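For reference, the structure I am asking about is given below.
Here, each number is a calculation from the coordinates, and none is a lab measurement. Remember, predicted model here, so these are calculated numbers, not experimental data. Glycine also receives a Cβ, built like all others from the backbone with ideal geometry; neighbour counts cover every protein chain displayed.
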Amino acid sequence: MSTENAAVNFSELVNKNKQTLARLKESPRLLLHRRDGEDLVLTTAARAEQDQTVVSAATRMLAALARREPGSTELLLDILPDAFPWVRFLPEPDLHAFAVDLVDTMRAADSIGNSASVAQMLIAWQHTAEVYSDPELLAALTRDHDEDYGPVPAATGPRPLRQKASGKSASLTQPRPKAGRTSPSKPTRTPTAPGSPCARIPGRPPERPDTTS
């Protein structure tokens, strides 16, 4: 059996599922490439349980080593650069903090059977080491910014309008009118005296009186 993961397209699993699944006998995992999403890893339940058992055992051994004696912490700090070479860029206080964080996070993750938090923690500490490795970047991120960038402009956008609908108050939005423009008003009937032969509406020609009678 090969120790390398085989890679196939996801379409092969859909169209030739038996032949594709048979490749798990030759490889511990199958990497499924997808066009419209993130790649997937396919393995058997037995192998997934074995991987979790190994990770859990390593976590417990590391936690036991860190708690055993005060000198064991120094041993852990000595072996960390071999496992994570980027820790050489961390200052000594941060290196101690990373060692404690590593053991505590691994123990917590093992208790729930999910190692995602460990991966996130390692990535965060690695980014911290990358900052310390670049003097210019470190100076830019740690210097004091005393400049005043001025007042924050007021937010612009639609303003809320409260209106009752079906016996309840409904929140609507009404666009703000642009400067220099006014909202058109609905045409209104011009009041006339009783018995007047015509009534004029703005925008329409006056009506002619009926002279047939």
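Local charge sum around residue 121 (other residues, Cβ-Cβ under 10 Å, Lys/Arg +1, Asp/Glu -1)?
-2
May I pose another question? Net charge near residue 10, counting Lys/Arg +1 and Asp/Glu -1 over other residues with Cβ under 13 Å of its Cβ? Each step should come with its number before you reach the end.
Details: positive: 16, 34, 35; negative: 12, 36, 38, 39.
Local charge sum for residue 10: -1.
Each residue of the stretch 77-90 in order: what ³J(HN,Hα) in whole Hz does its phi give by Karplus 6.51 cos²θ - 1.76 cosθ + 1.60, θ = phi - 60°, with x for Gly and Pro?
5, 6, 8, 4, x, 6, 7, 10, x, 5, 5, 5, 8, 7
Mind listing which trypsin sites (Lys or Arg not before Pro) in the stretch 1-84 are in a DSSP loop and have 14 or fewer other Cβ atoms within 10 Å? Can you show the working numbers first?
On the way: sites: 16, 18, 23, 25, 29, 34, 35, 47, 60, 67, 68; in loops: 16, 29, 34, 35.
Qualifying residues, ordered by number: 16, 34, 35.
Could you list, bin by bin from short to long, the percent of Cα-Cα pairs of the stretch 1-43 in 5 Å steps?
Histogramming the stretch 1-43 at 5 Å steps yields 6, 26, 34, 23, 10, 2, 0 percent.
Taking the stretch 45-138 on its own, what percent of its Cα-Cα pair distances exceed 24 Å? Each step should come with its number before you reach the end.
Working: 1154 of 4371 pairs.
The calculated P(r) of the stretch 45-138 puts 26 percent of pairs beyond 24 Å.
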